[in-house]
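To keep things clear, I will list the structure first and then write my remarks on it.
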Amino acid sequence: ETGVTQTPRHLVMGMTNKKSLKCEQHLGHNAMYWYKQSAKKPLELMFVYNFKEQTENNSVPSRFSPECPNSSHLFLHLHTLQPEDSALYLCASSQGTGVYGYTFGSGTRLTVV
Amino acid sequence: QKEVEQNSGPLSVPEGAIASLNCTYSDRGSQSFFWYRQYSGKSPELIMFIYSNGDKEDGRFTAQLNKASQYVSLLIRDSQPSDSATYLCAGGGNQFYFGTGTSLTVIP
């Protein structure tokens, strides 16, 4: 496998469920990100990890909980979500933070019912 | 509020024409700028980056940066139907801010 892989591709969950999104990168990058993409809105940065240390948390509600066990893997744990959390969740990686462009995964389309 | 703004379009150009996509940004401290292409139902794909004032060319794509005027543009020469996509502009320093994207349709 190459690039950035996200699973699952699609997820439907109830508001009381707990689920996790997984991201894995095979590029040897040191930084990983979670972004939320909603219709007609700019990509919203949620979390940044650099060398598996969290460096950014953009005022994300606590019902989203990230985990980065190593530089290649990133998880987003979800619990008691709201319907407005329905969106495309994109994982990305880059060689480092700052001047480097991102490689995005294919995303997880999340629907909260 | 640090923002990156783009005309959402849609922008339509005939095949073979030049497509011009524009982006402005509010943070004067922004140092790096990127253009991503996103096909419908797919994730964004990096196509160009620019750090210095002036033009940068890569094949049919030219990125232009003017830090004094705080704008970035992307020119696509000899536009092809396969260029039809949404183009996202991003800029920043330690953290990048994305625009909402410009939808481009190239008409055969």
Within region A:1-39, considering residues that are part of a loop (DSSP other than H, G, I, E, B) and among the small types (Gly, Ala, Ser), the one surrounded by the fewest Cβ atoms within 10 Å (Cβ to Cβ): A:Ala39
Some residue of region B:46-60 being touching a helix residue (DSSP H, G or I) at 6+ places or on another chain (Cβ under 7 Å) and over 30 Å from A:Arg9 (Cα atoms): no
Odd one out for B:Leu46 among (1) in contact (Cβ under 8 Å) with a residue 24 or more places away in the chain; (2) crowded, with 17+ Cβ neighbours inside 10 Å: (1)
Residue under evaluation B:Ile76, criteria (1) surrounded by fewer than 21 Cβ atoms within 10 Å (Cβ to Cβ); (2) in contact with a helix residue (DSSP H, G or I) (Cβ under 7 Å, 6 or more places away or on another chain), criterion not met: (1)
Check on A:Tyr89, touching a residue at least 40 places away in the same chain (Cβ under 8 Å), within 12 Å of another protein chain (Cβ to nearest Cβ) and not in a strand (DSSP E or B): no
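Filter region A:95-113 down to the residues that are assigned to a loop (DSSP other than H, G, I, E, B) and more than 7 Å from chain B (Cβ to nearest Cβ), then identify the one that is nearest to B:Gln38 (Cα to Cα).
Let us first name the residues in region A:95-113 that are assigned to a loop (DSSP other than H, G, I, E, B), namely A:95-102, A:105-107, A:113.
Among the residues that remain, those that are also more than 7 Å from chain B (Cβ to nearest Cβ) are: A:95-96, A:100, A:113.
Numbers: A:Gln95: 21, A:Gly96: 22, A:Tyr100: 18, A:Val113: 27 Å.
Going through the qualifying residues, I end up with A:Tyr100.
Among the strands (runs of 3 or more DSSP E) confined wholly to region A:40-79, which include 3 or more residues that are within 13 Å of chain B (Cβ to nearest Cβ) and closer than 21 Å to A:Thr5 by Cβ? Give the derivation first.
Numbers: elements: A:44-50, A:53-57, A:64-70, A:73-79.
Passing ranges, in order: A:44-50.
If we scan region B:46-58, do we find a residue that is away from chain A (no Cβ under 12 Å), among the aliphatic types (A, V, I, L, M) and touching a Lys or Arg at 6+ places or on another chain (Cβ under 9 Å)? Working first, answer last.
Initially, region B:46-58 is screened for residues away from chain A (no Cβ under 12 Å), giving B:53-58.
When the remaining residues are screened for being among the aliphatic types (A, V, I, L, M), the result is none.
Looking through region B:46-58, none of the residues is away from chain A (no Cβ under 12 Å), among the aliphatic types (A, V, I, L, M) and touching a Lys or Arg at 6+ places or on another chain (Cβ under 9 Å).
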First in region B:80-108 and in contact (Cβ under 8 Å) with a residue 24 or more places away in the chain, second anywhere and assigned to a helix (DSSP H, G or I), Cβ under 8 Å, 6 or more apart: B:Leu104/B:Asp83; B:Val106/B:Pro81; B:Val106/B:Ser82; B:Val106/B:Asp83; B:Ile107/B:Pro81; B:Pro108/B:Pro81
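Here is a check on your reading of the model: is B:Ser82 at pLDDT below 95 and of a type in the set (Ser, Thr, Tyr)?
Details: at pLDDT below 95: no; of a type in the set (Ser, Thr, Tyr): yes.
Answer is no for this residue.
Just need a number here: residues in region B:11-38 that are of a type outside the set (S, T, N, Q) and over 14 Å from the mean Cα position of the chain (by Cα). So that I can check it myself, show each step before the final result.
Start the filter on region B:11-38 by keeping residues that are of a type outside the set (S, T, N, Q), which leaves B:11, B:13-19, B:21, B:23, B:25, B:27-29, B:33-37.
Now narrow it down to the ones that are over 14 Å from the mean Cα position of the chain (by Cα): B:13-17, B:27-29.
Residues meeting the conditions: 8.
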Within region B:12-43, tally of residues that are more than 10 Å from every other protein chain (Cβ to nearest Cβ), among the small types (Gly, Ala, Ser) and either in contact with a Ser or Thr (Cβ under 7 Å, 6 or more places away or on another chain) or surrounded by 13 or more Cβ atoms within 10 Å (Cβ to Cβ) (or both): 7
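The values are calculated or read from the model by the stated rules, or taken from the named source; none is laboratory data. Being a predicted model, the structure only gives us computed values, none of them experimental. Note that we place each Cβ from the backbone using ideal geometry, even for glycine, and neighbour counts take in every protein chain shown.
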